[in-house]
């Protein structure tokens, strides 16, 4: 028997016998007080510039405990090379159902 893929394990967590536990975990994660800084990510997303990176986007990523080296951040913010690459990715893209968007030859991988 093959091991379930990560997406399948996550889906089972939210829909299976662990659904109550998952709901409690989500309520805790998004509870007021920013006990988990990642819960602020969506609120920081810069909706005004979907085809570019901004300083607010860099701050948002840090709430997920992702470190963006300063040189990389400066290169991404306002880069004319980034806009066409991001513009080619649909804004409603769902990486869970279309993981091919992350393949080595994709626009996302070029970022």
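Observations, loosely collected:
- Residue check for residue 102: closer than 24 Å to residue 6 by Cα, at pLDDT 90 or above and in contact with a helix residue (DSSP H, G or I) (Cβ under 8 Å, 6 or more places away or on another chain): no
- The selection criterion, being surrounded by 11 or more Cβ atoms within 10 Å (Cβ to Cβ) and either more than 24 Å from residue 111 (Cα to Cα) or out of contact with any strand residue (DSSP E or B) (no Cβ under 8 Å at 6 or more places or on another chain) (or both), holds for residue 38.
- For region 9-30, taking the residues that are in contact with a helix residue (DSSP H, G or I) (Cβ under 8 Å, 6 or more places away or on another chain) and not in a helix (DSSP H, G or I), the one that is nearest to residue 64 (Cα to Cα) is identified as 30.
- Residues within region 41-54 that are surrounded by 12 or more Cβ atoms within 10 Å (Cβ to Cβ) and within 23 Å of residue 88 (Cβ to Cβ), tallied: 8
- Number of positions in region 96-111 that are without any contact (Cβ under 8 Å) to a residue 40 or more places away in the chain and either touching a strand residue (DSSP E or B) at 6+ places or on another chain (Cβ under 7 Å) or not in a helix (DSSP H, G or I) (or both): 7
- Residue match in region 32-51 (condition: free of Cβ contacts under 8 Å to residues at least 40 places away in the same chain, more than 16 Å from the chain's Cα centre (by Cα), closer than 30 Å to residue 87 by Cα and not in a loop (DSSP other than H, G, I, E, B)): no
- Restricting attention to region 57-71, the residues that are surrounded by 12 or more Cβ atoms within 10 Å (Cβ to Cβ) and part of a helix (DSSP H, G or I) add up to 6.
The values are calculated or read from the model by the stated rules, or taken from the named source; none is laboratory data. Keep in mind it's a predicted model, so treat the numbers as computed, not measured. Virtual Cβ from ideal backbone geometry, glycine too; neighbours counted across all protein chains shown.
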